[in-house]
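What follows is a set of notes on a single structure, which appears directly below.
The values are calculated or read from the model by the stated rules, or taken from the named source; none is laboratory data. Nothing here was measured: the structure is a model prediction, and the numbers come from that model. When we count neighbours, we look across all protein chains shown, and the Cβ atoms used for this are built from the backbone with ideal geometry, even at glycine.
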Amino acid sequence: MSSNTFTDGGYPMSHPEDLRLEIKRALIEVLMLEDLTPEDIEDDAPLFNEGLGLDSIDALDLGLALEERYGVKGSDDAADNKERFGSIRNLAAFVAEHRTK
């Protein structure tokens, strides 16, 4: 059984668990968080402030990586971005819904 399904546009879409793992790996790679493993990052833990402690520059770098990898684009609305980048689970749901790659 394949771990991929396809969106209406024909792009492969991973199962939610696989997509969350991919995003965790991308986060670690892009932000050079070499002291973390994907298992260290909880799906629902906050990514900013009290969570992983990411900042706005980290959000920009991660957003650019997600755009390159999945074709998703962030919003100009700060509240939307705060929700989308709130946790790995939120990011994965956003990517799953809006990906073009």
Which of (1) of a type in the set (Asp, Glu); (2) part of a helix (DSSP H, G or I); (3) modelled with pLDDT of 95 or more is the odd one out, the single condition ASP43 does not satisfy? (2)
Taking into account only those residues within segment 62-83 that are in a helix (DSSP H, G or I) and buried (at least 16 other Cβ atoms within 10 Å of the Cβ), which is farthest from the chain's Cα centre (by Cα)? ASN81
